[in-house]
Amino acid sequence: MNAITLIELSKTYPGGKKAVDSVNINLSPGEVFGFLGPNGAGKTTTVKLLGGMLRPTGGSCSIFAIDSVKEPEKVHALCGVVTEHAQMYDSLTGIQNLMFYGSVYGLSSSESQKRGLELLNQLELSEAKDQKLFSYSTGMRQRLSLARSLIHQPKILFLDEPTSGLDPESAQNVHGMIRHLAKEKGITVFLCTHQLRYAQEICTRYGLMDKGRLLAEGTLDQLRTKVCSGAVMKIKATGVPSDLSCHQTPEGVLEIPIQSEEEVPKTARRIVESGGNIYHISTKLPSLEDIYFHLTNRKENCR
Ligand SMILES: Nc1ncnc2c1ncn2[C@@H]1O[C@H](COP(=O)(O)OP(=O)(O)OP(=O)(O)O)[C@@H](O)[C@H]1O
Ligand SMILES: [Mg+2]
């Protein structure tokens, strides 16, 4: 059974803005789905539709075959959500906030406390557990929000920019945790992010949105095939024949677009045969960032 299903999902806001336009996605349990796209692409709106916080104006979406509109309570019980503006209580301490949300999900006080302390420990917030939330920094709040979303051991986690405002160490810690949750616990993660390099490290599939439309979807390899095939050969050499069409970086590295691996030895041979010396040679496949910019037309070529 699919963990997450979107069928022709659409949302037009009352003012007439079409934020999500006929989006289809199927995700299996345990996937870490990177939902990418520029500001205003419709990512947060999609998360709100899936979490039952908004009603679609067209199509449908479901979590383990449970319709987000028809049975929102069941959907809430299965999902944890982290958004940029998570609702928590400033006058309560970290652990009190977690225990409160534990009780909302029907956990006993001792269960909430045990689980809350574990999560605070995992998110490196143990020292701040008795501090009231108003004294938390942005990054601490963000981590507490992640702890809150996990208190009831959800099967699906919606993370909307979970690492915005986190320092690099905390961001790495959160990314490690996301990977662990998916791999060891089988949790399905729906991750909206602008951090494409991190996304490439932790996601198993991707969806690229722009202006409410899903432009492309698939694994990195599938996206490379669909969107941006070919690679770039990078060569540091002297005596390169002038007819080899190439672009030189400021560091003196030549970048030559290639369509197949065979072009690597062929090019190397040509350089050597014409008296050149090769100091370094490598190939680079299109990164997620290359694919993203290619799709959203912000860069002309895949490099
Ligand atoms: N409550 C609302 N009423 C009207 N329009 C809205 C509302 N919320 C969002 N929108 C519009 O819907 C579009 C999609 O917004 P959304 O927040 O889903 O984008 P996003 O992909 O999450 O962007 P970001 O990367 O900036 O978080 C935008 O044009 C936005 O202005
Ligand atoms: Mg958003």
Note down all Cβ pairs under 7 Å where the first residue falls in the range 189-200 and is within 12 Å of ligand 1 (Cβ to nearest atom), the second is part of a helix (DSSP H, G or I), and they're at least six residues apart or on different chains.
Cys192/Lys43; Cys192/Thr44; Cys192/Val47; Thr193/Ala199
Listed by first then second residue, the pairs whose first member lies in the range 247-262 and is farther than 13 Å from Ala237 by Cβ, whose partner is in a loop (DSSP other than H, G, I, E, B), with beta carbons under 6 Å and at least 6 positions apart or on separate chains, are Pro257/Gly230; Gln259/Gly230
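What about Ser145, is it crowded, with 17+ Cβ neighbours inside 10 Å, touching a residue at least 60 places away in the same chain (Cβ under 8 Å), within 16 Å of ligand 2 (Cβ to nearest atom) and of a type in the set (Gly, Ala, Ser)?
yes
Take Thr138 and tell me if it is within 16 Å of ligand 1 (Cβ to nearest atom), at pLDDT below 90, of a type in the set (Val, Ile, Thr) and assigned by TED's automatic domain parsing to the domain that holds Gly34.
Judged against the criteria, Thr138 is not a match.
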Residue ID - surrounded by the most Cβ atoms within 10 Å (Cβ to Cβ), chosen from residues in the range 198-222 that are among the small types (Gly, Ala, Ser) and more than 11 Å from Gly42 (Cβ to Cβ)
Ala199
Given (1) at pLDDT 85 or above; (2) surrounded by 13 or more Cβ atoms within 10 Å (Cβ to Cβ); (3) within 29 Å of the chain's Cα centre (by Cα); (4) of a type in the set (D, E, K, R), where does Arg303 come up short, assuming only one miss?
(1)
Would you check which residues across the range 13-47 are more than 9 Å from ligand 1 (Cβ to nearest atom) and of a type in the set (Val, Ile, Thr) and list them?
Val23, Ile25, Val32
Of all residues in the range 221-278 being acidic (Asp, Glu) and at pLDDT 85 or above, the one that is nearest to Thr204 (Cα to Cα):
Asp221
Please verify whether Glu8 is assigned by TED's automatic domain parsing to the domain that holds Lys129, buried (at least 17 other Cβ atoms within 10 Å of the Cβ) and among the acidic types (Asp, Glu), treating the condition exactly as stated.
no
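The values are calculated or read from the model by the stated rules, or taken from the named source; none is laboratory data. Predicted, not measured: the structure shown is a model, and the values here were computed from it. Note: ideal-geometry Cβ built from the backbone for every residue, glycine included; neighbour counts use all protein chains shown.
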